[in-house]
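Quick notes on the structure that follows.
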Amino acid sequence: MTEPATPNTSSKLGSVLLIDDEKPLLQLFAEALEPYFEVEMASSAREAGFLMHKKTYKVVVCDHLMPGGNGLSFLVHAREEYPNTQRVLVTGYMKPEMLLRSVNEAALYRYLLKPVSLPELIKTVQEAAKLYDQSVAAS
């Protein structure tokens with residue numbers, strides 16, 4: 001696996017929204033991404049929805065199963081409302097056929113299986129942010 005690109009000291013690569021009900025994991029992901037991105041966190045899909053109405057995010061990284069809201073449903077809604085925002089689903093378990101349906105329904109950039117390695121998370125979000133930039137430039 002290639003190492004993530006080193007942070008650009010002059011500016012960050014854009015805004016990322018992390019959504020997970022497990023606050024220690026949310027904080028760990030945020031600390032890994034903060035050298036590269038402006039990071040905001042939400043502990044529920046509802047909170048994330050409010051944040052997305054206020055600000056544009058290049059990438060949304062969302063846990064699959066959370067109390068009070070399914071991350072996949074949130075990402076399907078995000079696809080409809082914010083089509084350029086890249087979506088990454090983090091899941092502990094999913095059947096292959098369900099995973100394929102999820103990728104298609106939410107037009108996921110990628111899914112990450114728990115436990116997620118931090119270098120893999122950083123690389124995935126960096127690549128998704130580049131794809132966001134390309135999609136915005138093309139529209």
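In region 112-122, the qualifying residues are those that are closer than 19 Å to M66 by Cα and not aliphatic (A, V, I, L, M), and the one that is surrounded by the most Cβ atoms within 10 Å (Cβ to Cβ) is K114. What about E97, is it in a helix (DSSP H, G or I) and without any contact (Cβ under 8 Å) to a residue 12 or more places away in the chain? So E97 passes the test. In region 29-54, of all residues being over 12 Å from the mean Cα position of the chain (by Cα) and among the acidic types (D, E), the one that is farthest from T124 (Cα to Cα) corresponds to E47. Residues in region 101-111: is at least one free of Cβ contacts under 8 Å to residues at least 24 places away in the same chain, part of a strand (DSSP E or B), of a type outside the set (V, I, T) and surrounded by 14 or more Cβ atoms within 10 Å (Cβ to Cβ)? Scanning region 101-111 turns up at least one residue that is free of Cβ contacts under 8 Å to residues at least 24 places away in the same chain, part of a strand (DSSP E or B), of a type outside the set (V, I, T) and surrounded by 14 or more Cβ atoms within 10 Å (Cβ to Cβ).
Annotation: T91 fulfils all but one of (1) surrounded by fewer than 18 Cβ atoms within 10 Å (Cβ to Cβ); (2) at negative phi; (3) at pLDDT below 95; the unmet one is (1). Looking across region 55-71 at every residue that is under 13 Å from the mean Cα position of the chain (by Cα) and of a type in the set (A, V, I, L, M, F, W, C), the one that is farthest from L99 (Cα to Cα) is identified as V59. Annotation note: Cβ proximity below 8 Å between a residue of region 120-137 that is under 12 Å from L13 (Cα atoms) and a residue that is buried (at least 20 other Cβ atoms within 10 Å of the Cβ) and modelled with pLDDT under 95 (sequence gap 6+ or interchain) occurs for I122/P4; Q126/P4; Q126/L13; A129/L13.
Tallying residues that are in a strand (DSSP E or B) and small (G, A, S) within region 13-47 yields 2.
For region 50-76, the set of residues classified as crowded, with 16+ Cβ neighbours inside 10 Å and over 22 Å from Q27 (Cα atoms) consists of V76 only.
Looking only at region 48-85, filter to residues that are outside any strand (DSSP E or B) and among the small types (G, A, S); which one of those is nearest to E38 (Cα to Cα)? Across region 48-85, the extreme among qualifying residues is A48.
The values are calculated or read from the model by the stated rules, or taken from the named source; none is laboratory data. Because the structure is predicted, anything quoted here is derived from the model rather than measured. Please note: Cβ atoms are built from the backbone with ideal geometry, for glycine as well, and neighbour counts cover all protein chains shown.
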